[in-house]
Structures are given as structure tokens and as C-alpha cells.
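These notes concern the structure reproduced below.
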Amino acid sequence: MRTLRTDRWWLAPALTFAGLMSFLIYGFWAIFDKSYFVDPYIAPFSSPCLATSCPPGARFLGLAPFGDWYGLPPGLLILGLPGGFRLTCYYYRKSYYRSFWLSPPACAVAEPHGKYTGESRLPLILQNIHRYFFYGALVIGAILTYDAILALVHKPGGLGTWILIANAVLIMTYTLSCHSCRHITAGRLNHFSRHPLRYRAWTFVSKLNAKHQPLAWASMFSVMIADLYVRLVAKGVITFPFA
């Protein structure tokens with residue numbers, strides 16, 4: 001890479017690459033792993049479970065709208081919502097553009113590509129649908145919050161309950177810190193004084209938005225930790241009484 005920088009500029013994209021790859025590899029394994037439920041916990045990567053093949057206690061609100069014809073892993077049904085939201089997220093775009101595509105890998109470092117087209121044509125122009133993925137991610141965040149509350153009701157002393165609660169909080173704060181959410185609250189208003197409630201919402205979201213990057217990483221690792229914990233309990237690997 002052509003650059004005059006003498007510091008370890010390559011460290012940040014290398015660590016980012018390792019972090020994102022670990023998430024992708026774990027997610028691929030988790031989607032197809034069948035140990036996703038142990039009462040009252042359901043693994044986040046497999047929630048909501050919406051088919052009759054799901055254990056009765058794992059079905060969201062006790063419903064199975066996909067019936068018995070759907071035999072694939074439950075996580076495949078909803079993968080596109082949180083996955084698409086993170087894939088098109090402004091911060092994650094910066095992360096994988098730099099770490100996977102080296103476009104550019106860091107500030108003041110030349111990129112290997114000879115031509116820059118930005119996000120003006122396929123496939124990158126599809127990044128503009130991020131604002132719509134926000135609504136889907138909000139639904140998934142609400143479902144994970146419901147799962148955490150359900151665990152709190154049935155097993156308030158369980159370590160898994162508090163892990164699921166922490167994960168739900170991080171997922172929701174990351175989702176609400178989204179730039180699209182900030183725009184929705186009051187981004188198009190010309191006079192804040194005429195819309196005091198929306199201004200308060202915008203102020204709150206703006207404070208979260210300032211922490212969008214750390215929330216992106218914290219929520220990514222929290223969902224992996226929460227998911228893995230539930231699966232280890234379901235497999236009998238974790239067996240202590242307050243699990």
C-alpha cells in the first residue's frame with residue numbers, strides 16, 4: 001500500500017476484519033445448530049421461532065404461522081432483517097469497505113482500485129434501502145426484548161436471563177442509534193420549537209447516535225455471547241444451578 005504513514009495504520013482494518021469474520025463464521029454455525037432452546041431461554045439467532053417444528057415453548061407467542069411445511073432452521077426466516085440492517089449500516093459500511101475491500105484501508109493510504117464509483121450503481125446503490133431495514137431491525141429488537149422479559153418472569157435468578165436482558169438493551173440502543181432513526185424522529189423539521197416532543201426524541205437519539213460505533217460492536221458481540229450461552233446450556237455444557 002502506497003502511503004507516507006509510519007504508524008501501524010494496518011492494525012485497525014486487520015482487527016476489524018477479524019471481528020467481522022468471527023461474527024459471520026459464528027452466525028453461519030449458529031443458524032444451522034439445533035440446540036437453540038432450553039426453557040425459558042431461546043437463542044437470539046433462532047428467534048422468533050415460527051414453525052410447528054419449533055419446540056412448543058420456543059414458538060413466539062405460542063404461534064406457528066409457517067405450519068409444518070417449513071423444516072429449515074428457524075433463523076433463516078428472519079436472517080435478512082438484522083443481517084440486512086447491519087450490512088447496510090453506515091458504520092458497518094465503513095468497516096467492511098476498509099477491512100475487506102481496502103477502499104481505502106485507512107486515511108492517507110492509497111487504495112488498490114484504479115477507479116472510484118462510490119455507491120452510484122449496482123450493487124452498492126442498494127445500500128439506500130438501509131432506512132427500510134431499520135423497521136425490520138426494530139421488530140427483531142422488540143422480539144428479543146420480549147424473550148428477555150419472558151425469561152425474567154420464569155427464571156428471574158438465572159444468569160441466562162440477565163445475559164438476554166443485557167443483549168436486548170444493547171440491540172435496542174444500537175438500533176435506535178441508527179442515522180435513519182435520527183432522521184425519522186425530526187430530521188426533516190425546519191422548526192424544532194413547533195415540535196417539542198419530536199425534538200426531545202431527536203435529542204435522545206442524537207446522543208445515542210454519537211455512540212453508534214461502540215454500540216455496533218457491543219451489540220454484535222453481545223448477541224453472539226447470549227446466543228452461545230443459550231446453546232451451551234441447551235447442550236448440557238453449562239449445568240450450574242443458576243444457569
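Derivation of every value follows stated rules applied to the coordinates shown; laboratory data play no part. None of these values were measured; they are calculated from a predicted model. Glycine gets a Cβ as well: all are built from the backbone with ideal geometry, and neighbour counts include every protein chain shown.
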Cys49 long-range amide H proximity, modeled H, under 5 Å
Phe60
Could you tell me which label, among (1) 37, 20, 14; (2) 34, 24, 18; (3) 28, 24, 17, carries the value of semi-axes √(5λ) of the Cα gyration tensor in Å calculated for this structure?
(2)
List the residues, sorted by chain then number, that are 5 or more residues from Lys211 or on another chain and whose placed amide H is less than 5 Å from its amide H.
none
Run the numbers for Ile125 and Leu63: contour at 0.36 nm per residue of separation, minus the present Cα-Cα distance, in nm.
18.6 nm
Taking the Cβ-Cβ separation of Asp39 and Tyr135 as r and a Förster radius of 30 Å, what is the calculated FRET efficiency to the nearest 0.05?
0.45
Percent relative contact order of the chain, based on C-alpha pairs within less than 8 angstrom and at least six residues apart?
24
Dipole of the stretch 11-234, positive end: most advanced residue of Leu72, Ala210, Leu20 [Cβ charges, Cα centre]:
Ala210
In this structure, the FRET efficiency calculated for Ser22 and His195 from their beta-carbon separation, with R0 = 45 Å, to the nearest 0.05, is 0.60
HN-Hα couplings for the stretch 203-214 via Karplus (6.51, -1.76, 1.60; θ = phi - 60°), in whole Hz with x for Gly/Pro, come out as 5, 5, 5, 4, 5, 5, 4, 5, 10, 4, 5, x
Over the stretch 9-143, what is the relative contact order in percent, taking alpha-carbon pairs closer than 8 angstrom and at least six residues apart?
23
Leaving out same-chain residues fewer than 8 places away, which lysines sit with a Cα under 16 Å from that of Lys34?
Lys235
HN-Hα couplings for the stretch 59-72 via Karplus (6.51, -1.76, 1.60; θ = phi - 60°), in whole Hz with x for Gly/Pro, come out as 5, 5, 6, x, 9, 9, x, 8, x, 9, 7, 8, x, 7
